[in-house]
Amino acid sequence: MSDDRPAWARRMVAERDARDWSQLDTIRAMRAHSPKELPEDANMLRQWKRWEAGDGMPGTFYQPIIAATFGTVTHALFPMKGRRNASAEIAAASGMETLEIVSRLQASDVDNATIEALRITADRLCSEYPYLPSEQLIIEGRAWLRRVGQLQEQRLTLAQHREVLTLSGWLALLVGCVEYDSGQRQAAESTRRAALSLASEAENAEIQGWAHEMRAWFSLTTGDYRGVIAASQTGTSLAPHHSVSVQLAAQEAKAWARIGDRRQTEVALDRGRRLLESMPHPDNLDHHFVVDPAKFDFYAMDCYRLLGEDRMARNLAEEVIRVGTDFDDTERSPMRNAEARITLGVAAAREGDLDQAISFGERALSGDRQSVPSLIMVSRELAAVVNKRYSAEPAAQDYLTHLNDLGRAKPGFLPS
């Protein structure tokens, strides 16, 4: 039977069911998050039934209260339409083809129009991170990083010099991320340090924050959880008012979850949620260094899986896949979707369904666009459950072998 209710209505039901709450339980939980007294239970219950039926979206007063009650942010539960196909729009906005930009750089024609074209090019590359093959993106990213870097040898105004340093910093961040995705750990760390140095010289707090976020990510995937917390706190102190602070809070929450400290996990998640709720909705949801509201569900999914909250983790994983997949089944967020499928696999394995667990795990490993260290990290969690409960099953052994083969193909990321 098809369900033609809006996605937000279906999710409200799913979030409530994942917590074993009745509709009245949910209304009473909402009161703790409301800035003023809500109507009496009977009136609120009638309203809630209408919302769950999809009969009118909650208004702007109720949306953040409902989101906070379910531990998410308003525009993840009630999404706005962000700009998609960002790459095409950015390319059109520059007014220059790549050949023209390069020609102007070679001719030392570094006017403001050229700087603006370079900025738009950097934005385009950062927006292609989710889906462009890593081999192609790393080649293009390094080429543009080299071209922009060479501008520092030319005569520039003070403002142009700072902009060139900033553009180099963004490109270095992007190249470092793709290098790490590809298993090039030493190169990625060197590039990250270069980005941090460029950001310090340009006095750009946002890029400095992202450089520390990369350090937190590197530490997370190599099991240095205290290092994650230290990097997250340093980055937050440098860029407390930028969206990177949300992702730093998420990395810290993931580390606390892996340490096994539930209270600190929830404190970090709630700090990130409050920060993100206070920020304007981003224009370009594709940009890798933009924290979009839907990504918060991805962060929380990881934490709830580790805390053993399988129903909540499964619910968030299904939402991540729904948001990250177009109507024609094209994946807008293949790397997030892969980790969401592993979350579904972990939940299935814990419930005794090995076939479904392996199916989700294998599909996650089969994607063309992968962040290998992150993929291995979360796959290792599924492998631990499978190995503990189903070690004698041939299907389980096949999956574990596949995962180990992936680790051997990327030295330094071999699962333990």
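Out of the residues in segment 266-284 that are hydrophobic (A, V, I, L, M, F, W, C) and farther than 24 Å from residue 314 by Cβ, state the one that is surrounded by the fewest Cβ atoms within 10 Å (Cβ to Cβ). Quick ask: steps written out before the conclusion?
Step one: filter segment 266-284 for residues hydrophobic (A, V, I, L, M, F, W, C), giving 267-269, 275-276, 279.
After this cut, where a residue has to be farther than 24 Å from residue 314 by Cβ as well, the list is 275, 279.
Details: 275: 22, 279: 16.
Once the filter is applied, the top-ranked residue is 279.
So is residue 316 in contact with a helix residue (DSSP H, G or I) (Cβ under 9 Å, 6 or more places away or on another chain), free of Cβ contacts under 8 Å to residues at least 60 places away in the same chain and assigned by TED's automatic domain parsing to the domain that holds residue 335 or not? Reasoning before the result, please.
Details: in contact with a helix residue (DSSP H, G or I) (Cβ under 9 Å, 6 or more places away or on another chain): yes; free of Cβ contacts under 8 Å to residues at least 60 places away in the same chain: yes; assigned by TED's automatic domain parsing to the domain that holds residue 335: yes.
Answer is yes for this residue.
Need pairs with beta-carbon distance below 8 Å; first residue farther than 11 Å from residue 70 by Cα and within segment 24-42, second exposed (fewer than 10 other Cβ atoms within 10 Å of the Cβ); sequence gap 6+ or separate chains.
Going by the 8 Å Cβ cut-off, the qualifying pairs are 31/37.
Looking for whichever is surrounded by 15 or more Cβ atoms within 10 Å (Cβ to Cβ), among the polar types (S, T, N, Q) and modelled with pLDDT under 85 here; the options are 379, 374, 333. Which one fits? Full working, then the answer.
Working: 379 fails: modelled with pLDDT under 85; 374 fails: modelled with pLDDT under 85.
Only one candidate passes the filter, namely 333.
Hey, residue 343 hits all of (1) modelled with pLDDT under 95; (2) of a type in the set (Val, Ile, Thr); (3) buried (at least 22 other Cβ atoms within 10 Å of the Cβ); (4) closer than 30 Å to residue 263 by Cβ but one; which does it fall short on?
Status for residue 343: all satisfied but (1).
Please enumerate the residues belonging to segment 288-311 that are under 12 Å from residue 71 (Cβ atoms) and either buried (at least 22 other Cβ atoms within 10 Å of the Cβ) or of a type in the set (Val, Ile, Thr) (or both).
Selection gives 296, 297, 299, 300, 301, 303, 304.
Please find, among 325, 401, the residue that is of a type in the set (S, T, N, Q) and either in the same structural domain as residue 258 (by TED's automatic domain parsing) or under 20 Å from the mean Cα position of the chain (by Cα) (or both).
On the way: 401 fails: either in the same structural domain as residue 258 (by TED's automatic domain parsing) or under 20 Å from the mean Cα position of the chain (by Cα) (or both).
None of the others qualify; the one that does is 325.
Can you tell me which condition residue 325 does not meet? The list is (1) touching a residue at least 40 places away in the same chain (Cβ under 8 Å); (2) touching a strand residue (DSSP E or B) at 6+ places or on another chain (Cβ under 8 Å), and all the others hold.
(1) is the only condition that residue 325 fails.
Exactly one of (1) basic (Lys, Arg); (2) in a helix (DSSP H, G or I); (3) in contact (Cβ under 8 Å) with a residue 12 or more places away in the chain is unmet by residue 46. Its number?
All conditions are met except number (3).
Any residue in segment 184-192 that is under 19 Å from residue 290 (Cα atoms), in the same structural domain as residue 271 (by TED's automatic domain parsing) and either surrounded by fewer than 20 Cβ atoms within 10 Å (Cβ to Cβ) or in contact with a Phe, Trp or Tyr (Cβ under 8 Å, 6 or more places away or on another chain) (or both)? Break it down stepwise before answering.
Going through segment 184-192, the residues under 19 Å from residue 290 (Cα atoms) turn out to be 192.
Add one more test, that the residue is in the same structural domain as residue 271 (by TED's automatic domain parsing), and what stays is 192.
Right, trim to either surrounded by fewer than 20 Cβ atoms within 10 Å (Cβ to Cβ) or in contact with a Phe, Trp or Tyr (Cβ under 8 Å, 6 or more places away or on another chain) (or both) and you get 192.
Within segment 184-192, one or more residues are under 19 Å from residue 290 (Cα atoms), in the same structural domain as residue 271 (by TED's automatic domain parsing) and either surrounded by fewer than 20 Cβ atoms within 10 Å (Cβ to Cβ) or in contact with a Phe, Trp or Tyr (Cβ under 8 Å, 6 or more places away or on another chain) (or both).
Go through 364, 317, 395 for me and flag whichever is more than 30 Å from residue 269 (Cα to Cα) and assigned to a helix (DSSP H, G or I).
Working: 364 fails: more than 30 Å from residue 269 (Cα to Cα); 317 fails: more than 30 Å from residue 269 (Cα to Cα).
Matching residue, one of 364, 317, 395: 395.
Among the residues of segment 143-183 satisfying the criterion of being of a type in the set (D, E, K, R) and buried (at least 16 other Cβ atoms within 10 Å of the Cβ), which is nearest to the chain's Cα centre (by Cα)?
If we filter segment 143-183 for residues that are of a type in the set (D, E, K, R), which is where we start, we get 146-147, 153, 155, 162-163, 179, 181.
Among the residues that remain, those that are also buried (at least 16 other Cβ atoms within 10 Å of the Cβ) are: 147, 163, 179, 181.
Working: 147: 29, 163: 27, 179: 17, 181: 14 Å.
Top of the filtered list is 181.
Looking only at segment 298-314, how many residues end up being of a type in the set (A, V, I, L, M) and assigned to a loop (DSSP other than H, G, I, E, B)? Spell out the reasoning first.
Quick first cut of segment 298-314, residues of a type in the set (A, V, I, L, M) only: 300-301, 306-307, 312-313.
Subset that is assigned to a loop (DSSP other than H, G, I, E, B): 307.
Residues meeting the conditions: 1.
The values are calculated or read from the model by the stated rules, or taken from the named source; none is laboratory data. Just so we're clear, the structure is a prediction, and the values are computed from it rather than from any experiment. With ideal geometry, Cβ positions are generated from the backbone for all residues, glycine too; neighbour counts draw on all protein chains shown.
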